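A quick write-up on the structure given underneath.
The values are calculated or read from the model by the stated rules, or taken from the named source; none is laboratory data. All values reported here derive from a predicted model rather than from experimental measurement. Using ideal geometry, Cβ is built from the backbone for each residue, glycine included, and neighbour counts are taken over all protein chains shown. Note: accessible area is taken over every heavy atom of the protein model, side chains too, but ligands, DNA and RNA are not part of it. Shrake-Rupley method; radii C 1.70, N 1.55, O 1.52, S 1.80 Å.
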Amino acid sequence: MAALLEVEDLRVEFGRGPETASVLNGVGYHVDEGETLAVLGESGSGKSVTAQTVMGILDAPPGRIIGGSVRFRGEELLGADPERRRLLRGESMAMIFQDALSALNPVYTVGFQIAEQFRFRRGMSRKDATARAVEMLDQVRIPNAKQRVKEYPHQFSGGMRQRAMIAMSLALDPELLIADEPTTALDVTVQAQIMDLLDELRRERGMGLVLITHDLGVVAEVADRIAVMYAGRIVEHTDAETLYARPGHPYTRGLMDSVPRVDDPGHAAGAPLRPIPGLPPSLAAIPNGCPFHPRCAYAQDVCVDDVPPLRELGDGHQAACHFAERFVAEGTDRPTTHEVVSG
Amino acid sequence: MGRYTLRRLLQLIPVFLGTTFLVYWLVWGLREDPFAGKCGQRECSPAFRAALTERYNLDDPLIVQYLKYLGAVLTGDFGQTFSGTEVSTLIADAYPITIKLAIVALVIEAVIGIIAGVVAGLRGRGFADTLVLVSTLFLIALPVFVTGLVLRQVLGVDLGIIRTSVPANPSFAELIVPGFVLASLSMAYVARLTRTSLIENTRADFVRTAVAKGLPRRRVVGVHMLRNSLIPVVTFLGTDIGALMGGAIVTEGVFNIRGIGGLIYRGLQQQDIATVVGVVALLVIVYLVANLVVDLLYAVLDPRIRYE
Ligand SMILES: Nc1ncnc2c1ncn2[C@@H]1O[C@H](COP(=O)(O)OP(=O)(O)OP(=O)(O)O)[C@@H](O)[C@H]1O
Ligand code: SF4
Ligand SMILES: [Mg+2]
């Protein structure tokens, strides 16, 4: 059976001439029904652009898809009829955005913006559609939904606004939901509530979920699998447990060292945070060989010359590093990157 | 919003008093002899002087004169010209024509301006966009009297489609060409404002959301993009109403329209003080009210704005 969503070797560029930025350089991932795939990576690594390409909402121009494949239930979407793609949006795949305040139209009520989909995709009357919008707000547990459906986005608190955004994305009962950093703009206390809500709705509806996030804590809790992105590539791909215990790519390890982790006693006791040294590469001039090598403490000559492909390490664990087996064998209890270097 | 409106209306009072007093003082207070040159080459006769001094309360201190005048204006009495015509009669004759002309101009600038702006903004770089940019630049660069004289010459004299001089009581149809001339500059601004605003909104997050919801393109553009893009345009049009209602000295002059602009022009030329003060007082009110309406309209268009 075909996976719900399969992305393969996706390549996207922005701009023209010598300034052309290679934003996606062969991204691939897949999501099955009812499954959560987390996508991790530094800012600019191409997480959102991948999602936008899947949804068919990439800004093009300046963006340009130059290759690859996006399949939904086996149906190729790249190059498909635009009307066909439009009908898939909302109905089969939906997306929620990081900043609900700017993602909702400020001059229409929340109810109008939810009801709109029932009216123009289901042909419902304005009245029926509004009633359905109230139900949707109820489902995402917005209190007093009957009243709030008439309010404007700016009258909602940040958390309530994100709930409304979720309600809107689920209106047409999509099979796949892409959540692009759904909690980043929110207070820490609200973040957990929104994540719980999303996870619960996913389970109830058996949706596939692509969760783009920076929050490693969240990832451990809800993700079935994790894809780590760097400079427009997937550099590691495995389940949460393996990723934490035996990361195969130095970049993944760097990501984990750079954020506080309450769930890990080794790091909780005031162990210093180590940001990954250096900056992500300019996408107009991605380094030869392993794109991570200028920042990697383990880089060897081979890393400068040869691009490490994403390789299968066994049990579905994949990593794009020439020495992945070694890092997997070491696990995270071993000294970290920087200690090895200085020692 | 009710309380806000009330407060704004109250604020109009000092502004109205201040501006009208300023005008009153400029035309009455600043001249040594208000009758200089009024009676041809000769000095005015003492009887004439006495009558006018009486009519305009010129023996009182300026502030008292002003208050008496104001009291009369508030009861609808705008006083009389030197020759004895009621200023309110002059205004009543001229104002309907100005309002007609203003309506024609507003419709033209709104309809043509917005359509041109939308076409240019939606199509992206290309023929339509360039055409709109160049033609609006052309209109902006041309002084109104040139546009007016050229159109009068071509359409009126050469082609004979319109009359070169608009009749005393013109119909809307007879005001189309003058209205176009009067609207030309604002029309160009409306087109450009609509275009810029639309292009800005094309990349707005909420437009992307609307696309992601799988709405038809018509609806994404017509409902989500357009409504937001038109907020600054409608505000501009609202402000322009105030200006249009003030009469159009140049356009009225070119087409010989007997509106409020011409009235001010003749009043200034003939040093007819009462006419000038009366008309200016009226225009100040019109302008202030138009401004208030724009602010209220703005709150209706953009729910984020709440006046408390
Ligand atoms: N509309 C656009 N025009 C030009 N460049 C773009 C556009 N959208 C994305 N990019 C470029 O593509 C690259 C990847 O962007 P993307 O938004 O996918 O990053 P991200 O991984 O989602 O980062 P973040 O965590 O900050 O959201 C960035 O370098 C960005 O500059
Ligand atoms: S391939 Fe080399 S440079 Fe790249 S991550 Fe592995 S060790 Fe580091
Ligand atoms: Mg992003």
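General remarks:
- Accessible area expressed per residue, region A:100-173, with surrounding protein chains retained (probe 1.4 Å, Å²): 40
- Heavy-atom accessible area with a 1.4 Å probe sorts B:245, A:93, largest first, into B:245, A:93.
- In region A:45-90, the trypsin sites (Lys or Arg not before Pro) that fall in loop regions by DSSP, at most 16 other Cβ within 10 Å: A:73
- Prolate/oblate/rounded call for chain B, Cα gyration tensor, a/c under 1.5 rounded: oblate
- Antiparallel %, DSSP beta bridges [both residues in the protein assembly as shown], to 5: 60
- Antiparallel bridges, percent of DSSP beta bridges restricted to chain A (to nearest 5): 60
- Under 27 Å of direct C-alpha separation, and excluding same-chain neighbours fewer than eight residues apart, residue B:68 reaches these lysines: B:38.
- Counts of other chain beta carbons within 10 angstrom of each beta carbon in peptide B:296-303 average 2.
- 0 to 90° range, to nearest 10: angle between helix A:126-139 axis and chain A longest Cα axis: 40
- Ordering A:277, B:253, A:298 by the projection of their Cα atoms onto the charge dipole of the protein assembly as shown, which places +1 on the Cβ of Lys and Arg and -1 on the Cβ of Asp and Glu, puts B:253 at the extreme positive end.
- The accessible surface of region A:100-173, taken with every protein chain in place and a 1.4 Å probe, is 50 percent carbon and sulfur.
- Candidates per trypsin sites (Lys or Arg not before Pro) in region B:199-263, loop by DSSP, up to 10 other Cβ within 10 Å: B:203
- Long hydrophobic helices in chain B: the complete DSSP H runs spanning 30 Å or more by Cα along their own axis with mean Kyte-Doolittle hydropathy of at least 0.0 are B:2-24, B:87-123, B:176-202, B:273-301.
- Look at the stretch A:101-110: the mean tally of other chain Cβ atoms within 10 Å of its residues' Cβ atoms is 6.
- Summing Cβ point charges (Lys, Arg +1; Asp, Glu -1) relative to the Cα centre of chain B gives a dipole of roughly 1500 debye.
- Normalised by the number of residues in chain B, the mean separation of alpha-carbon contacts (under 8 Å, six or more apart) gives a relative contact order of 25 percent.
- Think of each Lys and Arg Cβ as +1 and each Asp and Glu Cβ as -1; about the Cα centre, that makes the dipole of chain A roughly 1360 debye.
- Shape call, region A:100-173: gyration tensor on alpha carbons, a/c limit 1.5: prolate
- Distance from region A:205-248 to region A:33-75 (C-alpha centre basis), Å: 15
- Projecting the Cα atoms of B:76, B:47, B:156 onto the charge dipole of region B:16-157, computed from C-beta unit charges around the Cα centre, puts B:156 farthest toward the positive end.
- Entry note, the protein assembly as shown: the mean residue ellipticity at 222 nm calculated from DSSP H runs of n ≥ 4, each adding -39500 (n - 2.57), is -16000 deg cm²/dmol after division by the residues and rounding to the nearest 500.
- Shielding value for B:228-238 is 1, the average number of Cβ atoms from other chains within 10 Å of each residue's Cβ.
- The angle between the Cα long axis of helix A:110-122 and the main principal axis of chain A comes to about 80°, on a 0 to 90 degree scale.
- Ordering of B:269-276, A:143-150 by packing is B:269-276, A:143-150, highest average first (other Cβ atoms within 10 Å, averaged per residue).
- Positive-end residue of A:316, B:244, B:64, charge dipole of the protein assembly as shown with Cβ unit charges: B:64
- Note on the protein assembly as shown: Kirkwood hydrodynamic radius from all Cα pairs is 30.3 Å, rounded to one decimal.
- All-pairs alpha carbon distance profile, chain A, 20 Å steps from 0, percent: 29, 56, 15, 0
- Residues of region A:51-86 that lose at least 20 Å² of accessible area (1.4 Å probe, protein heavy atoms only) when the other protein chains are present, relative to their chain alone, are A:52, A:57, A:59, A:86.
- With Cα atoms defining each centre, region B:271-308 and region B:147-185 are spaced 29 Å apart in the structure.
- Test item: Cα-centred dipole of region A:100-173, Lys/Arg +1 and Asp/Glu -1 on Cβ, debye: 120
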